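K.L.:
Pasting in a structure now, in structure tokens, and then I'll have a few things to ask.
Just so you know, all these numbers are worked out from the coordinates, no wet-lab data involved. None of these values were measured; they are calculated from a predicted model. Quick reminder, even Gly has a Cβ in these numbers, built from the backbone with ideal geometry, and neighbours come from all protein chains shown.
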């Protein structure tokens, strides 16, 4: 080593530690003690381990080095509400009815948000505002389900969270119209990072539908690190959607943490179209008997996009049902990952769990990794899982061609049909319509499908 | 004029030679039956005519309406009026029956330079044809063959044929797996399409369907060749005596 001189590579944690120290003296200083402690804990967890590497089992297919080495300007320093409603148009659901909470670069944008037909007692709005107005309502739940242990990105979100949706539905209350939560990122010459944080609390026998959208208005580089905690009380019902349409240069890492009490019914449909590097984590915990959970996912990628979906369902109590179907359509040199884990705890007898992942490769350079998994510690259960990776069925292509459709049209139709199974699970009509159209614009040779619609 | 002229056609599937010199001429207005034991090449012949990939033609020619059929892509064969009713129709979840059939019909109409049908015109066209095949209209909204019973799939094939109105229809063992009632419905659908502007080739193992779709000519395919041709009576004789004697006769004649 003589004669060589070394400059230690900069530690990617340093800027985060420095930024945190600044905020602790500034914006965080006036916050309630519990929140400051929770932030500190998040930061400590992150500093302890740093960014994950592909040596970590949970991250073995996804290299986050591009995120680690990128310096991000905190989106908190960007302007928020300067956006016109017209610019928002392409990413809203055109015939959308109901309430809309819009966040621009992480800031709540009251001018772009609409609240209507919200039954009395329901609270829907900005988490930051709720923190100022009724901190106890937030303290009861925030960070109690999505723990910073285990996921360094969730830890960073805990440390730096600023705003997001707060939705609370009191017992026996039904919110008829879906509540749409939209996180928009606009172009900024310096890449920025935002930390959306959502809290959805559904009371006993209450019902609500929430759609969570992440979208980039410009093709810029930025990072979204989002965490949503959803708590559903006994016999409550939550229909949740996540629609990820970030810029194709953006990084998106998001966690949805679901906590279900006895007899509650939850569905989630996660659609990933955008992003350069995307990681979706979904963790669900059955905390009472007789819960039901349906998980659907669709990831459609092209170019060099990389989308990683990790789901984990904990059957901690008996007689719960979980059904899961994730589908990937991978084109170009893109890569899609599904990693599923269903854990049936020792006492969780009469568990019914089904997990399926199917991948369609549209090009020879696209890559899919599929790892469904079950860990069963109870003995009276019904569980099955399956996965497939393949190309279009040539027999089906020939069948369609033999009726007069050309080869490209036949392939387009079959590809569209493959995706439809997931899209058709979307019960919000306006969202279904928008998704169908966007799917057509994403996949190759869709003209024929569009004509036939 | 002959609509279809097959001359000395040989073909192999995954390297194995199945057709070994088939000669067959079918004219407009005629119904031909092609019978034969399992493995004789009946389905191979049907699929070669439709242009199934991996069915390799190794010799001979097929003229359709005077054109080289084998040079055409499968979709162009369909647009020129060739229709294969599949022995095993493919299930395609996510593609609606009506939606699919309208796409197919309009692809054919475009090819012929005819105006495309809109959704209303299409529905008017197909309504009567669903009744003809005893299909409930709700079936139009279902996914293509997805979860259909064997009988429903076969009826759907004939329904598609009724809508697309081919000039040459090849029915590949459409009778297999059908109970007698379903068979009558299918046969009725096929018979309604008999006419001077169309030729129909019925490929079958059993003569039962020929009680309902009465053929003008019956051929026996054995060992990859047409071993014998005759009238309606030949089918009845085959039913009684089986196929072995035809194969023996053909072997003795050196064919």
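K.L.:
Relative contact order for region B:48-126: what percent, with Cα pairs under 8 Å and sequence separation of 6 or more?
P.N.:
Details: 39 pairs, mean separation 18.7, N = 79.
Worked out over region B:48-126, it gives 24 percent.
K.L.:
Moving on. How large, in Å, is region B:2-252 by the Kirkwood hydrodynamic radius built from its alpha-carbon pairs?
P.N.:
Numbers: mean 1/r = 0.0537 Å⁻¹.
Over region B:2-252, the inverse of the mean reciprocal pair distance is 18.6 Å.
K.L.:
Starting from the Cα of residue B:188, step 7 Å toward the Cβ, then list every residue of region B:98-136 with an amide N under 11 Å from that point.
P.N.:
Those under the cut-off are B:131-135.
K.L.:
Shifting gears a bit: Can you give the angle from 0 to 90° between the axis of helix B:232-241 and the longest principal axis of chain B, with both taken from C-alpha atoms, to the nearest 10?
P.N.:
Result, in degrees: 70.
K.L.:
Less than 14 Å from a label point 7 Å out along the Cα-to-Cβ axis of residue B:67: which backbone N atoms in region B:90-125 qualify, by residue?
P.N.:
B:108-114, by backbone N distance to the label point.
K.L.:
Mind jotting down the three principal axis lengths of region B:196-251 based on Cα atoms? Whole angstrom, largest first.
P.N.:
Principal-axis extents of the Cα atoms in region B:196-251, largest first: 37, 21, 16 Å.
K.L.:
Right, next: Relative contact order for chain A: what is it in percent, counting Cα pairs under 8 Å that are at least 6 residues apart?
P.N.:
Working: 1126 pairs, mean separation 40.8, N = 453.
Over chain A, the number comes to 9 percent.
K.L.:
Here's another thing I want to ask about it. Gap in Å between the Cα centre of region B:1-52 and the Cα centre of region B:164-206?
P.N.:
Distance between centres, Cα-based: 17 Å.
K.L.:
When only alpha-carbon atoms are used, what values of Rg and Dmax, in angstrom, describe region B:59-146?
P.N.:
Over region B:59-146's Cα set, Rg and Dmax evaluate to 15.3, 46 Å.
K.L.:
Now for a different question. I'd like the per residue volume of the convex hull spanned by the Cα atoms of the protein assembly as shown, given in cubic angstrom. Provide the component values of the computation, followed by the final result.
P.N.:
Working: hull volume 156.6 nm³, N = 708.
Convex hull of Cα atoms, per residue: 221 Å³.
K.L.:
Right, next: For chain B, find the longest principal axis of its Cα atoms and tell me its angle to the long axis of helix B:150-164, 0 to 90°, nearest 10.
P.N.:
So the inclination is approximately 80 degrees.
K.L.:
For n ≥ 4 DSSP H runs only, could you compute -39500 (n - 2.57) per run for chain A, divide by its residues and tell me the 222 nm figure to the nearest 500? Before the final figure, lay out each step's value.
P.N.:
Details: 11 runs with 104 residues, N = 453.
Here the helix-only value at 222 nm equals -6500 deg cm²/dmol.
K.L.:
Could you tell me the extents of region A:14-288's C-alpha atoms along the three principal axes, largest first, rounded to whole Å?
P.N.:
Rounded to whole Å, the extents work out to 48, 42, 40 Å.
K.L.:
Right, here's the next one. How many angstrom lie between the Cα centre of region A:276-290 and the Cα centre of region A:9-30?
P.N.:
29 Å
K.L.:
For region A:62-179, evaluate the Debye formula with one uniform point scatterer on each Cα (no solvent term) and list log10 I(q)/I(0) at q = 0.14, 0.19, 0.20 Å⁻¹, rounded to two decimals.
P.N.:
-0.79, -1.22, -1.27
K.L.:
A further question on this structure: Starting from 0.36 nm per residue, how many nanometres of slack lie between residue B:128 and residue B:249 once their C-alpha separation is accounted for? Could the numbers behind the result be given before it?
P.N.:
On the way: separation 121, 0.36 × 121 = 43.56 nm, distance 4.72 nm.
Here the segment from residue B:128 to residue B:249 would lengthen by 38.8 nm.
K.L.:
Can you pull the Kirkwood radius for region A:392-453, inverse mean 1/r over Cα pairs, to one decimal in Å?
P.N.:
12.1 Å
K.L.:
Going out from 0 in 5 Å bins, what whole percent of all Cα-Cα distances in region A:314-357 drops into each bin?
P.N.:
6, 20, 23, 15, 13, 9, 7, 5, 3, 0
K.L.:
Assuming R0 = 41 Å, can you tell me the calculated FRET efficiency for the pair residue A:190 and residue A:58, based on Cβ-Cβ distance, to the nearest 0.05?
P.N.:
Numbers: r = 30 Å, r/R0 = 0.74.
Taking R0 as 41 Å, the efficiency between residue A:190 and residue A:58 is 0.85.
K.L.:
Could you grab the relative contact order for chain B? Cα pairs under 8 Å, six or more apart, rounded to a whole percent. Working shown, then result.
P.N.:
Values: 472 pairs, mean separation 70.5, N = 255.
It comes to 28 percent, rounded to a whole number.
K.L.:
Over all Cα pairs of region A:1-67, how is the pair count split among 5 Å bins, expressed in % and running from 0 up to the last occupied bin?
P.N.:
The calculated distribution, bin by bin, is 3, 13, 17, 18, 15, 13, 11, 6, 2, 1, 1.
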